[in-house]
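Reviewing the structure listed below.
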Amino acid sequence: MKCCINQHRNPFWIIILFAFIFLGFMGGVASPQLSFYVSPPLLEIDQVGGGVKNFTVEISNTGQEKILVKTSYSDILLSSDGKVELIRPLGTTPHTLASWIITKQDETTSLESGEIKRVLFQLRVPRGERGGRYGVIVFEALPFTIPQGKVALGIRSGTLVFLTIPRTEEIKGTIDDVISSTDGKEFKVTFKNTGNIHYETEGSLIIKSNDGKVLHRIRFPEDKPSLILPQGKREFTILWDKKDPLLDGKYILEIRMSAWVGIRTLNLSRKVVEIEVKN
């Protein structure tokens, strides 16, 4: 059993976290003296059903004034373009985790400037559960003193908690749809995680002539594998990247999708479709 951050994927996780964690509260801009830090930003936990995992999250007041920090929980989803969405009320997503996390910490705590507090949490995994579960511990900071007649503006940060229940993982996926533009310059692939845990996925698009000769191979996404949660979908747009366009005619597209799980790469799905290009 372990509780850790996958170090080799840290740059990817930082991109994900910036997408949702450092958000203004109530749509306003907080005081420039209001600043705090949460560590770790991500916990990946392995815990068997019926087990308990204790872990600590550190909150630091890095600003110049005393703050109030409110602790709450949220479910998460990933949209088809990979953006993190906080979902409330709890329990409305198929792989919710938040209701399994408890803490003896008061819902609201104060921190002096420069003060650090370590908050102990406990994760209880019910027996018989399988696969992965996902949630966020959200910390919301507000000024300790709010002038009369003023609106409280704050900031939010948090810790993503990704749980995997060992020996119950199902790593599966399927290509739902493949669409080509009529000029053969753009292709869209829709992929679904049909398993019960999260993984990072990547694919390749192979363009062949009508007689099966390979003309080009494009890997996607370009910069990094894409995270996908159980039963989630991702839509990929792949652009023809050669100087000379495809000529008018019929072609064969072969799409292959694979998953990164730890240090393993698993082939998940393959689909072949015929297209006709008309410029």
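Listed values, structure above:
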quantity: Segment Arg130-Lys224, extension gain: residue separation times 0.36 nm, minus the distance between their alpha carbons; calculated: 31.0 nm
quantity: Heavy-atom accessible area order for Glu202, Glu169, largest first, 1.4 Å probe; calculated: Glu169, Glu202
quantity: Difference of contour (0.36 nm per residue) and Cα-Cα distance, Val273 to Glu65; calculated: 68.8 nm
quantity: Charge sum, other residues only, whose C-beta stays under 14 Å from Ser74's C-beta, Lys/Arg counted +1 and Asp/Glu -1; calculated: +1
quantity: Computed E for Val214/Thr265 - FRET, C-beta separation, R0 22 angstrom, nearest 0.05; calculated: 0.55
quantity: When the chain is reduced to its Cα atoms, the Kirkwood hydrodynamic radius in Å; calculated: 21.1
quantity: Spacing of the two label points (7 Å from each Cα toward its C-beta) at Thr174 and Glu107, in nm; calculated: 4.3
quantity: Portion, in percent, of the accessible area of the chain that falls on carbon or sulfur, probe 1.4 Å; calculated: 51
quantity: Whole-number accessible area per residue in Å² for the chain, which is evaluated in the context of all protein chains at 1.4 Å; calculated: 52
quantity: Efficiency of FRET from Cβ geometry, Arg88 and Lys117, R₀ 35 Å, rounded to 0.05; calculated: 0.90
quantity: Too-long pairs where the Cα-Cα distance tops 27 Å, listed order kept, from Lys83/Lys242; Lys224/Lys271; Lys83/Lys192; Lys104/Lys192; calculated: Lys83/Lys242; Lys104/Lys192
quantity: Peptide ranges 99-107, 70-78, 233-241 listed from the most packed, as the mean C-beta count within 10 angstrom indicates; calculated: 70-78, 233-241, 99-107
quantity: Amide hydrogen neighbours beyond the local backbone of Thr168, cut-off 5 Å, H modeled; calculated: Gly131
quantity: Heavy-atom SASA rank of Val161, Val84, Val214 (probe 1.4 Å, accessible area, largest first); calculated: Val214, Val84, Val161
quantity: Surface accessible to a 1.4 Å probe, Leu266 within the full protein complex, Å²; calculated: 50
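The values are calculated or read from the model by the stated rules, or taken from the named source; none is laboratory data. Note that the structure is a prediction, hence the values are computed from the model and not measured. Cβ atoms come from the backbone with ideal geometry, glycine included; neighbour counts cover every protein chain shown. Surface accessibility is based on the protein's heavy atoms, side chains included, excluding ligands, DNA and RNA. Shrake-Rupley method; radii C 1.70, N 1.55, O 1.52, S 1.80 Å.
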